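Peer 1: The following block contains the structure, expressed as structure tokens.
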Amino acid sequence: MGRASKTTASLLVGLFAGMPIAMPAPPPNTGPAPHAEVLHWWTAGGEAAAVRSLAEAYRDAGGVWSDTAIAGAEQARAVAISRIAGGNPPTAVLFNTSRQFHDLVEQGLLDTVDDVARRNDWERLLPPAILDVVRIRGHYYAAPVNIHMPTWIWYSKAAFTRAGIAQEPRSFEELFAALDRLRAAGLVPLAHGGQPWQDNLVFRAVLANLGGRELYLQVLRDRDARAIHSDAFRRVLLTFKRLHSYVDKGSPGRNWNDATAMLVTARAGVQIMGDWVKAEFATAHQAAGRDYGCIAGFGEHAPYVIQGDAFVFPHSRDPQTVRAQQLLATVVTAPATQLAFSIRKGSIPVRADVDPSSLDLCSQMAVALLRDRSRQLPNDEVFLTPDQNGAMADVLTNYWNRDVPVEQVQQKLVAALAD
Amino acid sequence: MPTARAARSGSWPARLALLPLALTAVVAYLGSILWSLRVSFSASRTFPSDSWVGAAQYLRLFANERWLLSLQNLAVYGVLFVLACLLLGFLLALLIDRQVAGEGVLRAVFLYPYAMSFIASGAVWAWMLNPIQGVEAVGHALGWEAFRFDWIVDPDRVIYAIVIAAVWQAAGLVMALLLAGLRSVDADLWRAARIDGIPTWRIYVSIVIPQLGYSFATAAILLLTAVIKLYDAVVAMTQGGPGTASEVPAKFIMDHLYGRANIALASAASVMLLLTAIALVSPFLYARSRAAARGA
């Protein structure tokens, strides 16, 4: 059995797996209601609740929402791409706000939502980091749903109390001091899930906070070999590696939510992870500020890394489908929908004009931080192709797990980020 | 082979019945292989493109550290897995062959793992091998503080942890194949050897095992194809980690096909894997067809 035929076969299976599901008939007498089949990967508890709020809003606006949920982001995108390539696309597809869908744009497979964007003044309302991804050569190709911040530093207040740490760390030196005290108290200092994407997330936290905005952009956006070989970047790598000495033996392969559970039960002190962990704390009836703390970054000007989700709209010649797509783009970016969605998802709205008072403490802090545009930094996948990003992830996860000289890591990163 | 001969001399209805199978083989398998070959010479990313970049993807593939590590892991895994399965499977078959009491139960016990999906049993293995909640933790809880069994989190040993779990799964199949072989040895041979007073181990070594060549070859082919396909065990147990320490070629292909949106590189890797499979299996197939020709 050749792998070659296998992989092709699985592509074909992907094509057939995406056959249309039964479509509910439009309600009688009111003319055809816009019907949207929406393909996404939001299947976990909080995510499912969040996507339900989108569906309700779409229904309230007079549309018919038909849900195609596929577990696993990568799997969902694979099915979506197979269906688009096979000429049987869903009405809308979820992607991360990144270059993931730019190949689809290049092939002319997506429709624009320029009218919706102009009518709602996206240019003014969206943060530049989001705008630069959804707007390609002057056309809007995606409707952004939310903003996630992947590099928060979370800590358990109970664990900090037990270790005698009185104050929230405000720099890497203070963070390392806190980690030492946690270890001395017999706790796991850093709760970490040793999977490549999580190792890379920790790296980005160090790069943004210790390296700073300029270095972050030089390395990830410009892929500048001089910056990667600089002393400042070398310090970033060494600090990243130093964090590894604070994880426990069971870390390799651990899921992120199992690491969060270690904070919930105060067996561990600190976790570096995206704001989706709030759903785990909420499930355990813990509240921000009371049971756990959140640090967006160190210092007054710490960058705020922006990641997010967005819907794209596969090209269609059917005016009914186009109408459904326009309505969906309008609804998911409306202020009320944005707020209802983010409360459940743990993210924050993409729009700057939403009242954040109903969000949790950490999200309110985030909204305030985001007002300062100089602190906004796009996530790495905005600059890098999935392939470059993966090659970088391989180098970094290898460095995290093995003893590799830092000079070698610098060289390998230059090679990984080259075209 | 008798079935092949029947098909050859059979009338047209038999050929017609085989047509769908032949079409599947030609279109689905051969067609897909040619398509992958074409894509591997292009610069395709998310979608196949008509561009032509020659051997560039192959050069990139063999400059890729993770691919080379995947090949090395596959070689280590392949040798250990096949040998351990054959040895263990043979010993189990012997055990059952000698101790006929409870044979039905034992056979079911040894074959059961093979009926389970590795996605499920791999997760259980991952828990058992995890040092803070598995076997090592139990050892510590029982007071054996110095006990260490942390291969699954050790980048230098993780591939052995995967071998253990995979052997547990596949050894039962080898046992079933070899047991059938053992049972097909002519009872008269056993009686004759007994009358001559030949010790049991000597009968096995000199008479029985040489007759099992066919069974061993069949088992080896099945095991080698399982080696090439190795994917689910790694995904379920380590996801390729710690770091990239337990990456294997099939996972490299899947990652590049979807998440990394580089189907050209994934296709180049697939072609390399197909060539490896052909190189590994063809000597066995050749030997078997020679043996069959002699037997006919």
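The values are calculated or read from the model by the stated rules, or taken from the named source; none is laboratory data. Every value quoted in this text rests on a predicted model; they were computed, and no experiment measured them. Cβ: placed from backbone, ideal geometry, glycine included. Neighbour counts: every protein chain shown. Protein only, heavy atoms only, side chains kept; ligands, DNA and RNA dropped before computing areas. Shrake-Rupley method; radii C 1.70, N 1.55, O 1.52, S 1.80 Å.
Peer 1: Counting just the residues of region A:83-105 that are under 16 Å from the mean Cα position of the chain (by Cα) and in a helix (DSSP H, G or I), which one comes out modelled with the highest pLDDT?
Peer 2: Step by step, filter region A:83-105, then rank; the result is A:101.
Peer 1: So which residues in region B:197-230 are open to solvent by less than 20 Å² (accessible area, probe 1.4 Å), among the β-branched types (Val, Ile, Thr) and either in contact with a Pro (Cβ under 9 Å, 6 or more places away or on another chain) or not in a helix (DSSP H, G or I) (or both)?
Peer 2: Of everything in region B:197-230, just one residue is open to solvent by less than 20 Å² (accessible area, probe 1.4 Å), among the β-branched types (Val, Ile, Thr) and either in contact with a Pro (Cβ under 9 Å, 6 or more places away or on another chain) or not in a helix (DSSP H, G or I) (or both), namely B:228.
Peer 1: Quick one: count up the residues across region B:114-139 that are part of a helix (DSSP H, G or I), at pLDDT 90 or above, open to solvent by less than 60 Å² (accessible area, probe 1.4 Å) and not aliphatic (A, V, I, L, M).
Peer 2: The qualifying residues number 5.
Peer 1: Evaluate region A:30-39: report whether one residue or more is touching a strand residue (DSSP E or B) at 6+ places or on another chain (Cβ under 8 Å), open to solvent by 10 Å² or more (accessible area, probe 1.4 Å), more than 16 Å from residue A:329 (Cβ to Cβ) and within 14 Å of another protein chain (Cβ to nearest Cβ).
Peer 2: Checking region A:30-39: not a single residue is touching a strand residue (DSSP E or B) at 6+ places or on another chain (Cβ under 8 Å), open to solvent by 10 Å² or more (accessible area, probe 1.4 Å), more than 16 Å from residue A:329 (Cβ to Cβ) and within 14 Å of another protein chain (Cβ to nearest Cβ).
Peer 1: With the condition kept exactly as written, say whether any residue in region A:259-272 is within 14 Å of another protein chain (Cβ to nearest Cβ), part of a strand (DSSP E or B) and open to solvent by less than 50 Å² (accessible area, probe 1.4 Å).
Peer 2: Scanning region A:259-272, I find at least one residue that is within 14 Å of another protein chain (Cβ to nearest Cβ), part of a strand (DSSP E or B) and open to solvent by less than 50 Å² (accessible area, probe 1.4 Å), so the answer is yes.
Peer 1: What's the total number of residues in region B:231-246 that are within 16 Å of the chain's Cα centre (by Cα) and either facing chain A (nearest Cβ under 10 Å) or assigned to a loop (DSSP other than H, G, I, E, B) (or both)?
Peer 2: Taking region B:231-246 first, the residues within 16 Å of the chain's Cα centre (by Cα) are B:231-235.
Adding the requirement that they be either facing chain A (nearest Cβ under 10 Å) or assigned to a loop (DSSP other than H, G, I, E, B) (or both) leaves B:231.
Residues in region B:231-246 being within 16 Å of the chain's Cα centre (by Cα) and either facing chain A (nearest Cβ under 10 Å) or assigned to a loop (DSSP other than H, G, I, E, B) (or both): 1 in total.
Conditions tested, residue by residue: (1) of a type in the set (Gly, Ala, Ser); (2) under 30 Å from residue A:162 (Cβ atoms); (3) not in a loop (DSSP other than H, G, I, E, B).
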position: A:290; (1), (2), (3): no, yes, no
position: A:343; (1), (2), (3): no, no, yes
position: A:354; (1), (2), (3): no, no, no
position: A:364; (1), (2), (3): no, yes, yes
position: A:382; (1), (2), (3): no, no, yes
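Peer 1: OK, next. Taking region A:242-258 only, how many residues are surrounded by fewer than 18 Cβ atoms within 10 Å (Cβ to Cβ), in a loop (DSSP other than H, G, I, E, B) and either touching an Asp or Glu at 6+ places or on another chain (Cβ under 9 Å) or in contact (Cβ under 8 Å) with a residue 24 or more places away in the chain (or both)?
Peer 2: Residues in region A:242-258 being surrounded by fewer than 18 Cβ atoms within 10 Å (Cβ to Cβ), in a loop (DSSP other than H, G, I, E, B) and either touching an Asp or Glu at 6+ places or on another chain (Cβ under 9 Å) or in contact (Cβ under 8 Å) with a residue 24 or more places away in the chain (or both): 2 in total.
Peer 1: Let me ask another. Condition test on residue B:273, is it without any contact (Cβ under 8 Å) to a residue 60 or more places away in the chain and either facing another protein chain (nearest Cβ under 9 Å) or of a type in the set (S, T, N, Q) (or both)?
Peer 2: yes
Peer 1: Pairs only if they're at least six apart or on different chains, beta carbon under 6 angstrom, first in region A:360-379 and without any contact (Cβ under 8 Å) to a residue 12 or more places away in the chain, second not in a strand (DSSP E or B); list them, first residue then second.
Peer 2: Every condition considered, the pairs that remain are A:364/A:356.
Peer 1: Only one residue in B:84, B:43 is on the phi < 0 side of the Ramachandran plot and outside any loop (DSSP other than H, G, I, E, B), so which one is that? Full working, then the answer.
Peer 2: Numbers: B:43 fails: outside any loop (DSSP other than H, G, I, E, B).
Going through B:84, B:43 in turn, just one is on the phi < 0 side of the Ramachandran plot and outside any loop (DSSP other than H, G, I, E, B): B:84.
Peer 1: Considering only region B:179-187, I want to know if a residue exists there that is touching an Asp or Glu at 6+ places or on another chain (Cβ under 7 Å) and either more than 30 Å from residue B:130 (Cα to Cα) or of a type in the set (Asp, Glu) (or both).
Peer 2: yes
Peer 1: Does any residue of region B:199-214 turn out to be among the charged types (D, E, K, R) and free of Cβ contacts under 8 Å to residues at least 24 places away in the same chain?
Peer 2: Yes.
Peer 1: Name the residue, out of A:217, A:238, A:201, that is in contact (Cβ under 8 Å) with a residue 40 or more places away in the chain, more than 14 Å from every other protein chain (Cβ to nearest Cβ), open to solvent by less than 30 Å² (accessible area, probe 1.4 Å) and farther than 16 Å from residue A:149 by Cα.
Peer 2: The match here is A:217.
Peer 1: Answer yes if at least one residue in region B:38-56 is in contact with a Leu (Cβ under 9 Å, 6 or more places away or on another chain), open to solvent by less than 40 Å² (accessible area, probe 1.4 Å) and modelled with pLDDT of 95 or more, and no otherwise.
Peer 2: Yes, that holds for at least one residue.
Peer 1: Let me ask something else. Determine whether residue A:319 is open to solvent by 50 Å² or more (accessible area, probe 1.4 Å), within 22 Å of the chain's Cα centre (by Cα) and more than 29 Å from residue A:404 (Cβ to Cβ).
Peer 2: No.
Peer 1: Let me ask something else about it. Across region A:373-419, which residue is nearest to residue B:70 (Cα to Cα) among those that are hydroxyl-bearing (Ser, Thr, Tyr) and within 10 Å of chain B (Cβ to nearest Cβ)?
Peer 2: Of everything passing the filter in region A:373-419, A:397 is nearest to residue B:70 (Cα to Cα).
Peer 1: Mind checking which residues of region B:119-157 are more than 18 Å from residue A:247 (Cα to Cα) and among the aromatic types (Phe, Trp, Tyr)?
Peer 2: B:125, B:127, B:144, B:147, B:149
Peer 1: Within region B:110-140, track down each residue that is of a type in the set (Gly, Ala, Ser) and away from every other protein chain (no Cβ under 14 Å).
Peer 2: Within region B:110-140, B:115, B:117, B:120, B:121 qualify.
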